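The structure under discussion appears below in the form of structure tokens.
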Amino acid sequence: MLHHDFPCTSEISRKFHTPFLSDLYTDLMAEQDRIDQLEQRIDQLTALVASLLPESNLASDASSGEEGPEPVEDEGVTEDDISMAATRGGPTAQEFAAYFDGFDFPNFSGGEITPYFSRTRGGVSNSVPPKHLWPNFIQTVVVLQHLRQVLGRPITLASTYRSPDYNRAVGGASQSEHVKFRAIDFQVSGLLPAQVAQVLRSLRGKVFLNPATNKSFTFRGGIGVYATFVHVDTRPNESNWVG
Ligand SMILES: [Zn+2]
């Protein structure tokens, strides 16, 4: 703000007919501006600290967590992995992508989801999820699509389905929602995981329609905050944790 342009200055000058008082008044207004700015900054920092503090209802037992130490860091995908995933007798990644794209989510496509099905870790390959689990995933994406619209920022999907073997290989929890294809680990550009989780928790109690089943559901779900990503799933009960 340009302090010397403060609109009251000339009025004060006229009133007191003295440049000295006018200068003092200008200085005073400048100080007031600085105080206002500092107060604004304190509000911003207070909000940031509040979003970073774990909530009192966060689960403390490790069993409610979902991930191994670094679930996002998987080994690369090779052409061999992709052909293997397609020759197991189950559905192919392409079939899943076509199914997913049929729901016309504005901000998510099948093509960004399927590469994860071919991930490997310690020689164990992930796989394309069985068809009966596909509607579970659509349910969670419905919530994520809503979050995407609330935040107005791009969301990057990091981890979705894990086969039971692959889940063990990455150190996931034995009852992981990822094995049920109902969990997504994701990142939001420009926001801290704790900030994203705070907004996500505010969506609890909201009723959504799952277009895959044509049934409505109330979002409660699991929300996990990790150093570099957020976990969300649509289990019927609430669960919170910090990983
Ligand atoms: Zn997860």
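We did not get these values from a lab; they are worked out from the coordinates using the rules stated. This structure is a prediction, so every number in the text was calculated from the model and none was measured. Quick reminder, even Gly has a Cβ in these numbers, built from the backbone with ideal geometry, and neighbours come from all protein chains shown.
What does the net charge come to around GLU177 if you take all other residues with beta carbon closer than 9 Å to its beta carbon, with K and R at +1 and D and E at -1?
In short, +1.
Under the Karplus relation 6.51 cos²θ - 1.76 cosθ + 1.60, θ = phi - 60°, what is the ordered set of whole-Hz ³J(HN,Hα) values for segment 202-210, x standing for Gly and Pro?
So the J values, rounded to whole Hz, are 5, 8, 5, x, 6, 9, 10, 9, 8.
Would you pull out the residues with amide H under 5 Å of PHE181's amide H, same chain only if 5 or more places away, H placed 1.01 Å from N?
Those qualifying (amide H under 5 Å, at least 5 residues apart or on another chain) are ARG162.
Which of the three applies to segment 162-243, rounded, prolate or oblate, going by the alpha-carbon gyration tensor with a ≥ b ≥ c and a/c under 1.5 meaning rounded?
Values: a/c = 1.91, a/b = 1.09, b/c = 1.75.
The shape class here is oblate.
Given H placed 1.01 Å from N in the peptide plane, which residues other than close sequence neighbours of ASN210 have an amide H under 5 Å from its amide H?
Amide H neighbours of ASN210: LYS215, SER216, PHE217.
Taking H placed 1.01 Å from N in the peptide plane, check which residues at least 5 places from GLY222 or on another chain put their amide H under 5 Å from its amide H.
Placed amide hydrogens put ASP233, THR234, ARG235, SER239 under 5 Å from GLY222.
Grab the Cα-Cα distance for ASP27 and ASP104, subtract it from 0.36 nm times how many residues apart they are, and report the gain in nm with one decimal.
Net length gain for the segment: 21.9 nm.
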